[in-house]
Amino acid sequence: MNLVTLEGVGKQFSERKLLDGVDLLINEGDRIGLIGINGSGKTTLLRIIAGEEPADSGSVTVWGGVTIRYLSQQPDLDGSLTVLDHLFHSDEPAMRLLHDFEEASLRLQERPDDAVLQQRLIELTAEMDRTHGWEAEAQAKTILTRLGITEFDARLDQLSGGQRKRVALARVLINPSDLLIFDEPTNHIDAETIAWLEDYLLGMSGALLMVTHDRYFLDRVVNRIVELDRRKLISYPGNYSKYLELRTARHEQLAAAEAARQNRLRQELEWLRRGAQARSTRVVIPPTKSRVGIQPATPGHNAGQAAATAIKGSNTSQSRGGTSIGKPRRRLITSGRVTSKANHGDQRNIVRV
């Protein structure tokens, strides 16, 4: 099933054009690695697909009901929230329920004799039982722990930049989605955590689109590579290793095609040069026997003498037995065309060179 369709998307900043008529289909089950040189527009393309930034031209279609989660390189988090507060601030019902339950629990700890809060917590606990909310809470804390975050009540403004990035990653992973969009997800993560993230992404059912400089991670996770090259997208099936093979073959084919084109240009240039020389030079080809009107030998007449007589009289008109032997024709090459021209002026095409 198709999730997102890009058609003729263009994007430009000032005088610099990053995307020029870009087309892309993202389907269910795709795990796409977006690659390209630094500054080519990869992050801009991710933001356009995620709805964070508009395209200048073309269309981006997100089909009805498709949910997209986006993790930027530098997530903008509310520093006044705790880790769990940030995770549970979501439009997903399960996350909202967890948020309400955690909030009620904290308030009841401050006011344990508040009957209203007691009743509220009882209702939320029942709802958690009915919707299996405890599983969602356990999963959220497990993901945080695997990402190296263990202080769930810590305020975000007390965390380092790397820790904040991991909290943002946890929130994206916890919330169900049809398409995850990651911009450098492995930054600030150790090798053990990256290995866990690889397994997690391979086991999820949704689609994935990501930019990363970690080629080993890319090789393990993706099943399709899309290269942003000179403002256009080129798609290659397979992981990063397969991409390297296909890209090498493609560039060899392009190089061979260019070499053939250059060879044709050289041949045409040589032909033009020869044509110019031919137009300025007349080449006279000696007459052949078929053009001098030599008659077949007759009894008592020597054929060699007849031929010699005919050639000797090449500039005169002779008569033998009432048959006139006219002046021989000359073949003249002009402008790439061979013509047969008699002295009396008649002309006709013989061969085209």
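The values are calculated or read from the model by the stated rules, or taken from the named source; none is laboratory data. Since the structure is predicted, the reported quantities are computational estimates derived from the model, not experimental observations. Neighbour counts run over all protein chains shown; Cβ positions are idealised from the backbone, glycine included. Accessible surface areas use protein heavy atoms only, side chains included; no ligands, DNA or RNA. Shrake-Rupley method; radii C 1.70, N 1.55, O 1.52, S 1.80 Å.
A few points about this structure:
Per-residue answers, yes or no, for (1) assigned to a helix (DSSP H, G or I); (2) open to solvent by 80 Å² or more (accessible area, probe 1.4 Å); (3) touching a Cys at 6+ places or on another chain (Cβ under 7 Å):
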{"site": "P112", "(1), (2), (3)": "no, no, no"}
{"site": "V116", "(1), (2), (3)": "yes, yes, no"}
{"site": "R120", "(1), (2), (3)": "yes, yes, no"}
{"site": "L124", "(1), (2), (3)": "yes, no, no"}
{"site": "T150", "(1), (2), (3)": "no, yes, no"}
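- Of all residues making up the stretch 70-98, the number that are open to solvent by 40 Å² or more (accessible area, probe 1.4 Å) and either of a type outside the set (A, V, I, L, M, F, W, C) or without any contact (Cβ under 8 Å) to a residue 40 or more places away in the chain (or both): 12
- Hey, R171 modelled with pLDDT under 95, part of a helix (DSSP H, G or I) and open to solvent by 60 Å² or more (accessible area, probe 1.4 Å) or not: yes
- The stretch 228-265, residues that are outside any helix (DSSP H, G or I) and aromatic (F, W, Y): Y236
- Any chance E268 is in a helix (DSSP H, G or I), open to solvent by 80 Å² or more (accessible area, probe 1.4 Å) and at pLDDT 85 or above: no
- Selection status of Q139, touching a residue at least 24 places away in the same chain (Cβ under 8 Å), part of a helix (DSSP H, G or I) and of a type outside the set (D, E, K, R): yes
- Selection within the stretch 191-220 - outside any loop (DSSP other than H, G, I, E, B) and farther than 18 Å from L147 by Cα: A207, L208, L209, M210, V211, R215, Y216, L218, D219, R220
- Strands (runs of 3 or more DSSP E) enclosed by the stretch 28-105 - at least 1 residues per element that are within 24 Å of G238 (Cα to Cα): 31-35, 68-71
- Sole exception among (1) open to solvent by less than 40 Å² (accessible area, probe 1.4 Å); (2) over 27 Å from N2 (Cβ atoms) for A207, by number: (2)
- First in the stretch 219-236 and open to solvent by less than 40 Å² (accessible area, probe 1.4 Å), second anywhere and part of a loop (DSSP other than H, G, I, E, B) and polar (S, T, N, Q), Cβ under 6 Å, 6 or more apart: V222/N239; L228/S40
- Within the stretch 1-23, if we keep just the residues that are in contact with a helix residue (DSSP H, G or I) (Cβ under 9 Å, 6 or more places away or on another chain) and either in a loop (DSSP other than H, G, I, E, B) or not charged (D, E, K, R) (or both), the residue that is farthest from D56 (Cα to Cα) turns out to be V4.
- Pair list, Cβ < 7 Å and 6+ apart or interchain, from the stretch 38-54 residues that are open to solvent by 30 Å² or more (accessible area, probe 1.4 Å) and among the basic types (K, R) to residues that are at pLDDT 90 or above and not in a helix (DSSP H, G or I): R47/E53
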